[in-house]
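I have placed the structure first, in the form of C-alpha coordinates, so that the comments after it can refer back to it.
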Amino acid sequence: MAKKSISQKRAERQQQENQALSRVFLVFLLGLAAECYLFLVYRNYVVGTVPAMLAWRNVLKYGGIIGLVLLLAGAAGAALYFRKGEGKKGAAACWCAGVGAFFAMSGWIMSTFYPAGVTVMCVMVPVLTVLGLVLFLYQRECFLTTLALCGSFLAVWVCGDGLDSPNWRIPIIIGAVLGLLILAALALLVRKAQQDEGKLMGLRVLPVDCAYPVVYAALAVCFVCVLAAVIYAPAAYYIQWALGIALFAEMVYFTTKMM
(Lines give C-alpha, C1' and ligand atoms only; values in the text may rest on other atoms or scores of the structure.)
Protein backbone atom coordinates (compact mmCIF):
# COMPACT_ATOMS: atom_id res chain seq x y z
CA MET A 1 0.00 0.00 0.00
CA ALA A 2 1.39 3.42 -0.98
CA LYS A 3 2.06 5.83 1.81
CA LYS A 4 -0.16 8.87 2.01
CA SER A 5 1.40 12.18 1.10
CA ILE A 6 1.68 15.03 3.56
CA SER A 7 -1.07 16.92 1.74
CA GLN A 8 -3.42 13.93 1.98
CA LYS A 9 -2.74 13.55 5.69
CA ARG A 10 -3.33 17.27 6.19
CA ALA A 11 -6.60 17.08 4.26
CA GLU A 12 -7.80 14.09 6.32
CA ARG A 13 -6.88 15.85 9.54
CA GLN A 14 -8.73 18.98 8.41
CA GLN A 15 -11.77 16.87 7.54
CA GLN A 16 -11.75 15.23 10.99
CA GLU A 17 -11.48 18.63 12.67
CA ASN A 18 -14.38 19.97 10.59
CA GLN A 19 -16.51 16.95 11.53
CA ALA A 20 -15.70 17.46 15.21
CA LEU A 21 -16.62 21.15 15.01
CA SER A 22 -19.87 20.31 13.22
CA ARG A 23 -20.78 17.88 15.98
CA VAL A 24 -19.91 20.45 18.65
CA PHE A 25 -22.08 23.06 16.92
CA LEU A 26 -24.96 20.58 16.65
CA VAL A 27 -24.68 19.64 20.34
CA PHE A 28 -24.70 23.34 21.29
CA LEU A 29 -27.79 24.02 19.16
CA LEU A 30 -29.63 21.00 20.56
CA GLY A 31 -28.79 22.06 24.11
CA LEU A 32 -30.01 25.60 23.40
CA ALA A 33 -33.24 24.29 21.84
CA ALA A 34 -33.81 21.96 24.80
CA GLU A 35 -33.30 24.82 27.28
CA CYS A 36 -35.80 26.99 25.36
CA TYR A 37 -38.30 24.12 25.47
CA LEU A 38 -37.80 23.78 29.22
CA PHE A 39 -38.31 27.52 29.63
CA LEU A 40 -41.69 27.18 27.94
CA VAL A 41 -42.53 24.24 30.20
CA TYR A 42 -41.61 26.25 33.30
CA ARG A 43 -43.50 29.31 32.10
CA ASN A 44 -46.72 27.41 31.41
CA TYR A 45 -46.54 24.26 33.55
CA VAL A 46 -45.10 25.63 36.80
CA VAL A 47 -46.13 29.29 37.03
CA GLY A 48 -48.89 29.35 34.40
CA THR A 49 -52.65 29.30 34.71
CA VAL A 50 -54.57 26.15 35.57
CA PRO A 51 -55.74 25.49 31.97
CA ALA A 52 -52.17 25.95 30.74
CA MET A 53 -50.85 23.56 33.39
CA LEU A 54 -53.38 20.89 32.41
CA ALA A 55 -52.61 21.35 28.71
CA TRP A 56 -48.86 21.08 29.25
CA ARG A 57 -49.31 18.02 31.41
CA ASN A 58 -50.82 16.32 28.35
CA VAL A 59 -47.97 17.68 26.22
CA LEU A 60 -45.43 16.11 28.55
CA LYS A 61 -47.34 12.83 28.64
CA TYR A 62 -47.70 12.38 24.89
CA GLY A 63 -44.32 13.94 24.20
CA GLY A 64 -42.77 11.33 26.46
CA ILE A 65 -44.54 8.54 24.58
CA ILE A 66 -43.38 9.91 21.22
CA GLY A 67 -39.88 10.30 22.62
CA LEU A 68 -39.83 6.68 23.73
CA VAL A 69 -40.87 5.58 20.23
CA LEU A 70 -38.11 7.73 18.71
CA LEU A 71 -35.60 6.29 21.17
CA LEU A 72 -36.43 2.68 20.33
CA ALA A 73 -36.61 3.36 16.58
CA GLY A 74 -33.34 5.30 16.61
CA ALA A 75 -31.52 2.63 18.61
CA ALA A 76 -32.77 -0.12 16.29
CA GLY A 77 -31.88 1.91 13.21
CA ALA A 78 -28.40 2.71 14.52
CA ALA A 79 -27.69 -0.97 15.21
CA LEU A 80 -28.93 -1.91 11.73
CA TYR A 81 -27.05 0.77 9.81
CA PHE A 82 -23.78 0.33 11.69
CA ARG A 83 -23.96 -3.40 11.05
CA LYS A 84 -24.34 -2.67 7.34
CA GLY A 85 -21.41 -0.26 7.45
CA GLU A 86 -23.52 2.82 6.71
CA GLY A 87 -21.94 5.13 9.25
CA LYS A 88 -23.71 8.37 8.30
CA LYS A 89 -27.18 6.85 8.53
CA GLY A 90 -26.18 5.14 11.79
CA ALA A 91 -25.00 8.47 13.23
CA ALA A 92 -28.28 10.12 12.19
CA ALA A 93 -30.20 7.31 13.92
CA CYS A 94 -28.12 7.90 17.07
CA TRP A 95 -29.05 11.60 17.07
CA CYS A 96 -32.71 10.60 16.62
CA ALA A 97 -32.43 8.23 19.59
CA GLY A 98 -30.85 10.98 21.67
CA VAL A 99 -33.68 13.42 20.94
CA GLY A 100 -36.20 10.71 21.77
CA ALA A 101 -34.40 9.94 25.03
CA PHE A 102 -34.58 13.62 26.00
CA PHE A 103 -38.34 13.89 25.47
CA ALA A 104 -39.03 10.52 27.12
CA MET A 105 -36.87 11.23 30.17
CA SER A 106 -37.86 14.89 30.59
CA GLY A 107 -41.55 14.11 30.19
CA TRP A 108 -41.43 11.46 32.89
CA ILE A 109 -39.27 13.49 35.32
CA MET A 110 -41.22 16.74 35.01
CA SER A 111 -44.66 15.11 35.28
CA THR A 112 -43.70 12.72 38.11
CA PHE A 113 -41.67 15.09 40.30
CA TYR A 114 -43.68 18.30 40.08
CA PRO A 115 -42.42 21.03 40.26
CA ALA A 116 -38.87 20.05 41.28
CA GLY A 117 -38.49 17.89 38.17
CA VAL A 118 -38.59 20.97 35.94
CA THR A 119 -35.75 22.56 37.92
CA VAL A 120 -33.75 19.34 37.74
CA MET A 121 -34.13 19.22 33.94
CA CYS A 122 -33.15 22.89 33.63
CA VAL A 123 -29.90 22.01 35.41
CA MET A 124 -29.33 18.69 33.66
CA VAL A 125 -29.54 20.08 30.10
CA PRO A 126 -26.56 22.50 30.42
CA VAL A 127 -24.55 19.78 32.18
CA LEU A 128 -25.31 17.24 29.44
CA THR A 129 -24.51 19.84 26.78
CA VAL A 130 -21.11 20.49 28.33
CA LEU A 131 -20.48 16.75 28.54
CA GLY A 132 -21.31 16.48 24.84
CA LEU A 133 -18.80 19.22 24.06
CA VAL A 134 -16.17 17.42 26.12
CA LEU A 135 -16.93 14.18 24.27
CA PHE A 136 -16.24 15.72 20.86
CA LEU A 137 -13.43 18.12 21.81
CA TYR A 138 -11.36 16.18 24.34
CA GLN A 139 -9.84 12.74 24.74
CA ARG A 140 -12.09 9.80 25.54
CA GLU A 141 -10.54 9.33 28.98
CA CYS A 142 -11.27 13.00 29.69
CA PHE A 143 -14.93 12.42 28.89
CA LEU A 144 -15.00 9.32 31.09
CA THR A 145 -13.47 11.05 34.10
CA THR A 146 -15.61 14.18 33.60
CA LEU A 147 -18.76 12.06 33.42
CA ALA A 148 -17.78 10.18 36.60
CA LEU A 149 -16.97 13.38 38.51
CA CYS A 150 -20.18 15.15 37.42
CA GLY A 151 -22.29 12.10 38.27
CA SER A 152 -20.62 11.83 41.67
CA PHE A 153 -21.20 15.56 42.29
CA LEU A 154 -24.91 15.05 41.61
CA ALA A 155 -25.02 11.97 43.86
CA VAL A 156 -23.33 13.84 46.71
CA TRP A 157 -25.71 16.78 46.31
CA VAL A 158 -28.73 14.45 46.45
CA CYS A 159 -27.33 12.70 49.54
CA GLY A 160 -26.76 16.00 51.30
CA ASP A 161 -30.26 17.28 50.59
CA GLY A 162 -32.31 14.09 50.80
CA LEU A 163 -30.86 11.67 53.33
CA ASP A 164 -32.56 13.52 56.18
CA SER A 165 -35.96 12.93 54.58
CA PRO A 166 -37.70 9.77 55.88
CA ASN A 167 -39.47 9.32 52.55
CA TRP A 168 -36.37 9.54 50.37
CA ARG A 169 -33.67 8.10 52.61
CA ILE A 170 -33.94 4.47 51.46
CA PRO A 171 -34.26 5.25 47.70
CA ILE A 172 -31.28 7.61 47.89
CA ILE A 173 -29.14 5.04 49.69
CA ILE A 174 -30.08 2.41 47.10
CA GLY A 175 -29.23 4.82 44.29
CA ALA A 176 -25.89 5.71 45.90
CA VAL A 177 -25.00 2.02 46.27
CA LEU A 178 -25.83 1.48 42.60
CA GLY A 179 -23.62 4.45 41.75
CA LEU A 180 -20.75 2.94 43.74
CA LEU A 181 -21.19 -0.36 41.90
CA ILE A 182 -21.14 1.49 38.56
CA LEU A 183 -17.89 3.23 39.53
CA ALA A 184 -16.34 -0.10 40.49
CA ALA A 185 -17.53 -1.65 37.23
CA LEU A 186 -16.01 1.27 35.27
CA ALA A 187 -12.69 0.73 37.01
CA LEU A 188 -12.76 -2.97 36.10
CA LEU A 189 -13.62 -2.17 32.46
CA VAL A 190 -10.81 0.38 32.27
CA ARG A 191 -8.42 -2.21 33.69
CA LYS A 192 -9.57 -4.75 31.10
CA ALA A 193 -9.14 -2.20 28.31
CA GLN A 194 -5.68 -1.33 29.58
CA GLN A 195 -4.63 -4.97 29.30
CA ASP A 196 -5.73 -4.98 25.62
CA GLU A 197 -4.20 -1.63 24.60
CA GLY A 198 -7.43 0.32 25.05
CA LYS A 199 -9.82 -2.19 23.46
CA LEU A 200 -12.92 -3.94 24.78
CA MET A 201 -14.19 -6.92 22.79
CA GLY A 202 -12.06 -5.79 19.89
CA LEU A 203 -13.43 -2.22 19.84
CA ARG A 204 -11.22 0.77 20.52
CA VAL A 205 -12.65 2.59 23.57
CA LEU A 206 -9.52 4.34 24.90
CA PRO A 207 -6.49 5.69 23.06
CA VAL A 208 -3.15 3.91 23.15
CA ASP A 209 -1.57 6.78 25.11
CA CYS A 210 -4.44 6.90 27.64
CA ALA A 211 -3.53 8.46 30.99
CA TYR A 212 -4.66 5.47 33.03
CA PRO A 213 -3.33 6.73 36.40
CA VAL A 214 -5.47 9.86 36.05
CA VAL A 215 -8.55 7.79 35.20
CA TYR A 216 -8.03 5.46 38.17
CA ALA A 217 -7.40 8.43 40.48
CA ALA A 218 -10.60 10.18 39.33
CA LEU A 219 -12.70 7.04 39.79
CA ALA A 220 -11.18 6.50 43.25
CA VAL A 221 -11.97 10.10 44.26
CA CYS A 222 -15.55 9.67 43.03
CA PHE A 223 -15.97 6.41 44.95
CA VAL A 224 -14.61 7.83 48.20
CA CYS A 225 -16.65 11.04 47.95
CA VAL A 226 -19.97 9.27 47.29
CA LEU A 227 -19.31 6.77 50.07
CA ALA A 228 -18.42 9.59 52.49
CA ALA A 229 -21.63 11.47 51.60
CA VAL A 230 -23.71 8.36 52.30
CA ILE A 231 -21.99 7.76 55.64
CA TYR A 232 -22.03 11.40 56.82
CA ALA A 233 -24.48 13.54 54.84
CA PRO A 234 -23.71 16.86 56.63
CA ALA A 235 -20.26 16.82 55.00
CA ALA A 236 -21.80 16.82 51.50
CA TYR A 237 -21.20 20.55 51.03
CA TYR A 238 -17.46 20.21 51.56
CA ILE A 239 -17.33 17.01 49.49
CA GLN A 240 -18.89 18.90 46.58
CA TRP A 241 -16.07 21.43 46.83
CA ALA A 242 -13.53 18.61 46.72
CA LEU A 243 -15.19 17.14 43.61
CA GLY A 244 -15.33 20.58 41.98
CA ILE A 245 -11.60 21.09 42.57
CA ALA A 246 -10.87 17.60 41.21
CA LEU A 247 -12.97 18.35 38.11
CA PHE A 248 -11.13 21.62 37.53
CA ALA A 249 -7.72 19.97 37.95
CA GLU A 250 -8.71 17.15 35.59
CA MET A 251 -9.84 19.57 32.87
CA VAL A 252 -6.64 21.60 33.22
CA TYR A 253 -4.55 18.45 32.89
CA PHE A 254 -6.28 17.20 29.74
CA THR A 255 -6.34 20.67 28.20
CA THR A 256 -2.60 20.96 28.76
CA LYS A 257 -2.11 17.49 27.31
CA MET A 258 -3.83 18.55 24.08
CA MET A 259 -1.42 21.45 23.54
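Of the residues Cys142, Cys96, the single one that is surrounded by fewer than 19 Cβ atoms within 10 Å (Cβ to Cβ) and either in a helix (DSSP H, G or I) or modelled with pLDDT of 85 or more (or both) is Cys96.
Can you find a residue in region 69-91 that is more than 17 Å from the chain's Cα centre (by Cα), more than 30 Å from Ala217 (Cα to Cα), not polar (S, T, N, Q) and not in a helix (DSSP H, G or I)? Checking region 69-91: at least one residue is more than 17 Å from the chain's Cα centre (by Cα), more than 30 Å from Ala217 (Cα to Cα), not polar (S, T, N, Q) and not in a helix (DSSP H, G or I).
Filtering region 166-182 to residues that are within 16 Å of Ala220 (Cα to Cα) and either touching a residue at least 60 places away in the same chain (Cβ under 8 Å) or among the hydrophobic types (A, V, I, L, M, F, W, C) (or both) leaves Ala176, Val177, Leu178, Leu180, Leu181, Ile182. I'd like the full set of residues that are under 16 Å from Tyr232 (Cβ atoms), β-branched (Val, Ile, Thr) and buried (at least 17 other Cβ atoms within 10 Å of the Cβ), limited to region 156-201. Correct list: Val156, Val158, Ile172. Looking across region 222-259, the residues that are hydroxyl-bearing (Ser, Thr, Tyr), closer than 17 Å to Leu135 by Cα and surrounded by 12 or more Cβ atoms within 10 Å (Cβ to Cβ) come down to Tyr253, Thr255. Pairing residues of region 12-34 that are of a type outside the set (A, V, I, L, M) with residues that are at pLDDT below 75, at Cβ distances under 8 Å and at least 6 apart in sequence or on separate chains, gives Glu12/Lys4.
Which residue pairs have Cβ atoms under 7 Å apart, sit 6 or more places apart or on different chains, and have a first residue in region 240-257 that is among the hydroxyl-bearing types (Ser, Thr, Tyr) and a second that is at pLDDT below 95? Partner pairs satisfying both residue conditions: Tyr253/Val214.
Of all residues in region 9-31, how many are of a type in the set (A, V, I, L, M, F, W, C) and either open to solvent by 90 Å² or more (accessible area, probe 1.4 Å) or more than 26 Å from the chain's Cα centre (by Cα) (or both)? Lay out the reasoning, then the answer.
Our first condition is that a residue be of a type in the set (A, V, I, L, M, F, W, C); within region 9-31, this holds for 11, 20-21, 24-30.
If we keep only those that are either open to solvent by 90 Å² or more (accessible area, probe 1.4 Å) or more than 26 Å from the chain's Cα centre (by Cα) (or both) as well, we get 11, 21, 25, 28.
Total satisfying the criteria: 4.
Being surrounded by fewer than 14 Cβ atoms within 10 Å (Cβ to Cβ), touching a Lys or Arg at 6+ places or on another chain (Cβ under 9 Å) and either over 18 Å from Thr146 (Cβ atoms) or not aromatic (Phe, Trp, Tyr) (or both): is that true of Pro213 here?
Numbers: surrounded by fewer than 14 Cβ atoms within 10 Å (Cβ to Cβ): yes; touching a Lys or Arg at 6+ places or on another chain (Cβ under 9 Å): no; either over 18 Å from Thr146 (Cβ atoms) or not aromatic (Phe, Trp, Tyr) (or both): yes.
It is false that Pro213 is surrounded by fewer than 14 Cβ atoms within 10 Å (Cβ to Cβ), touching a Lys or Arg at 6+ places or on another chain (Cβ under 9 Å) and either over 18 Å from Thr146 (Cβ atoms) or not aromatic (Phe, Trp, Tyr) (or both).
Each residue in region 38-52 was checked for being within 31 Å of the chain's Cα centre (by Cα) and polar (S, T, N, Q), and 1 of them qualify.
With respect to Ala187, is the statement that it is in a helix (DSSP H, G or I), of a type in the set (Gly, Ala, Ser) and farther than 30 Å from Ile66 by Cα true? Against the criterion (in a helix (DSSP H, G or I), of a type in the set (Gly, Ala, Ser) and farther than 30 Å from Ile66 by Cα), Ala187 qualifies.
The values are calculated or read from the model by the stated rules, or taken from the named source; none is laboratory data. As the structure is a prediction and not an experimental result, all values here were calculated from the model. Cβ sites come from the backbone with ideal geometry, for glycine too, and all protein chains shown count toward neighbours. Note: areas computed on protein heavy atoms with side chains; ligands, DNA, RNA excluded. Shrake-Rupley method; radii C 1.70, N 1.55, O 1.52, S 1.80 Å.
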